[in-house]
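Written below as structure tokens is the structure these notes are about.
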Amino acid sequence: MTASPFKVALVTGAGTGIGRATAIALLKAGYRVALTGRNIDKLQATLEGLDDLADNALAIASNVRDPASVEAVFSEIRNHWGRLDLLFNNAGTGAPPLPLEELSYEHWQATLETNLSGAFLCTQQAFRIMREQTPMGGRIINNGSISATAPRPNSAPYTASKHGMTGLTKATSLDGRKYNIACGQIDIGNAATEMAAPMARGIPQANGEIAVEPTMDVEHVAQAVLHMAELPLESNVQFMTIMATKMPFIGRG
């Protein structure tokens with residue numbers, strides 16, 4: 001694979017929320033962007049209204065829990081653009097907010113397989129492209145979430161998956177050095193997306209109360225990811241936290 005006049009990015013979970021906003025920000029910054037997710041209609045909706053910029057995008061339906069599906073996505077990117085400069089591991093899901101002892105094993109398994117195993121499978125495929133291309137290397141950014149640091153009530157599967165993501169980020173950073181692959185993690189708190197909609201109505205707090213929580217514009221998250229992505233490979237934001245300023249995270253609420 002040879003050098004390219006443009007950078008190529010892959011965004012997982014690009015049909016909604018943070019993934020959608022980030023894919024659009026990358027397109028506007030001049031990237032060629034592959035968008036992937038389970039619902040092709042949502043991926044195509046991400047590209048609506050972007051006019052000529054949509055010509056620089058590739059929408060690919062996939063399931064990050066399926067190794068063959070993940071491999072097919074990266075093969076299509078390689079065939080279409082010949083390289084990959086950025087992977088944003090963003091695809092994620094959560095389990096129902098049930099007491100830990102009432103969660104089914106299926107809920108646990110689905111969350112870990114999507115959030116953590118999916119990121120691993122994508123990272124593995126990204127390594128295989130980035131180590132062979134010219135110039136060698138690239139960048140991987142993982143969506144860690146503030147749940148990588150502190151849990152919400154009744155969130156054991158999601159919290160465990162995001163703590164695991166931190167370990168994957170560190171391991172990827174170390175193992176990627178020999179291939180000039182940088183890896184960082186962005187921990188996001190209360191971006192105003194579909195997933196965060198319940199916060200406007202009130203959600204459980206650690207002390208058992210129900211409280212409305214402040215949110216922030218998801219575009220701020222997209223710009224933060226873009227900042228991480230645009231650094232030269234000699235530099236890396238290892239961990240970044242971006243959050244709604246007044247959300248109950250710092251301190252005790």
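Where a number appears in this text, it was derived from the coordinates with a stated rule and is not lab data. All values reported here derive from a predicted model rather than from experimental measurement. Every residue, glycine as well, gets a Cβ built from its backbone with ideal geometry; the counts of neighbours run over all protein chains shown.
Table for the structure above
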item: Most fluctuating residue given options TYR105, TYR158, TYR31, as computed from a GNM of the chain linking Cα atoms under 10 Å; result: TYR105
item: Label-point separation in nm, ASP41 to ARG131, each point 7 Å along Cα→Cβ; result: 4.1
item: Cα long-axis angle, helix 118-130 against the chain (0 to 90 degrees, to the nearest 10); result: 20
item: Taking the C-alpha atoms of the range 40-184, convex hull volume expressed per residue in Å³; result: 123
item: Taking ASP52, ASP175 and counting other C-beta atoms within 10 Å, the order from fewest to most; result: ASP52, ASP175
item: Extension gain from ASP66 to SER4, taking 0.36 nm per residue of separation minus the Cα-Cα distance; result: 19.3 nm
item: Cα centre as origin, Lys/Arg/Asp/Glu Cβ charges: the chain dipole, Debye; result: 580
item: Ellipticity estimate at 222 nm from DSSP helix runs (n ≥ 4, -39,500 (n - 2.57)) divided over the chain, nearest 500; result: -11000 deg cm²/dmol
item: J(HN,Hα) series, the range 141-151, from Karplus relation 6.51 cos²θ - 1.76 cosθ + 1.60, nearest Hz, glycine and proline x; result: 10, 9, 7, x, 6, 4, 5, 6, 10, 9, x
item: Reach of LYS7 by Cα under 14 Å, taken over aspartates and glutamates that are not fewer than 8 positions away in the same chain; result: ASP85, GLU230
item: GNM top mover of LEU233, LEU43, LEU86 - the chain, alpha-carbon springs below 10 Å; result: LEU233
item: Amide H contacts of THR241 (H built 1.01 Å from N, under 5 Å, at least 5 apart or other chain); result: ASP187
item: Global geometry of the range 89-172, whether rounded, prolate or oblate, following the gyration tensor of its Cα atoms and the 1.5 cut on a/c; result: prolate
item: Net charge of neighbours whose Cβ lies under 10 Å from the Cβ of LEU47, counting Lys and Arg as +1 and Asp and Glu as -1; result: -2
item: Cα gyration tensor category, rounded, prolate or oblate, for the range 44-121 with a/c compared to 1.5; result: prolate
item: Rounded, prolate or oblate (a/c below 1.5 giving rounded, otherwise prolate when a/b exceeds b/c) for the chain by Cα gyration tensor; result: prolate
item: Positive-pole candidate from ALA182, THR166, PRO198, dipole of the range 166-217, charges at beta carbon; result: ALA182
item: Relative contact order (percent, whole number), the chain, Cα cutoff 8 Å, 6+ residue spacing; result: 18
item: Bins of 10 Å, starting at 0 and running to the largest distance - Cα pair percent for the range 200-253; result: 19, 37, 26, 14, 3
